[in-house]
Amino acid sequence: QVQLVESGGGLVQPGGSLRLSCAASGIICSNYVMAWYRQAPGKQRELVAAITSGGSTNYADSVKGRFTIHRDNTKNTVYLQMSSLKSEDTAVYFCKTSLGPSGYWGQGTQVTVSS
């Protein structure tokens, strides 16, 4: 059974940093595209960052230069390092794998950027 468990969210001041983790079980995440999405209140879910099995990455324009996605194959975990956080980064952040026709989603972790 595939499970993705996100953690690391919380309340942070503007300009601060957070690191989100997505621990995978039931799959080897290095074999698939792994991605982080986010959904703010009243908005559609949007892609934030993704990493392929080969290690290539891509980012939404809004987070380029501030967020970094990386993978620790020994821990079967994908991370999203977020820095220079802005209020508009406030959202629930979800991890997703490309396995299967529609992929698998984690339950999400809340990130709130506020002073």
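The values are calculated or read from the model by the stated rules, or taken from the named source; none is laboratory data. Please read all numbers here as calculations on a predicted model, not as lab measurements. FYI the Cβ positions are ideal-geometry reconstructions off the backbone, even for glycines, and counts take in every protein chain you see. We work out accessible area using only protein heavy atoms, side chains counted, and drop any ligands, DNA or RNA first. Shrake-Rupley method; radii C 1.70, N 1.55, O 1.52, S 1.80 Å.
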- State the volume of the convex hull built on the alpha-carbon positions of segment 67-115, expressed per residue in Å³ and rounded to an integer. 99
- Anchor residue 96: aspartates and glutamates whose Cα lies under 13 Å away (excluding residues fewer than 8 positions away in-chain): 6, 46
- Roll a 1.4 angstrom probe over the protein heavy atoms and tell me the percent of accessible area of the chain that is carbon or sulfur. 47
- Item | the chain: most fluctuating residue of 44, 81, 13 per GNM, C-alpha cutoff 10 Å | 44
- Site residue 3, offset 7 angstrom along Cα→Cβ, radius 13 Å on amide nitrogen, limited to segment 88-112, gives 106-107
- Fraction of alpha-carbon pairs in segment 35-103 farther than 14 Å apart, rounded to whole percent, equals 61
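How would 84, 21 rank on accessible area, largest to smallest, probe 1.4 Å? Show your work: numbers first, answer last.
Details: 84 60, 21 25 Å².
Greatest to least solvent exposure: 84, 21.
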- Note on the structure: To the nearest 20 debye, the chain has a Cα-centred charge dipole, built from +1 on Lys and Arg Cβ and -1 on Asp and Glu Cβ, of 40
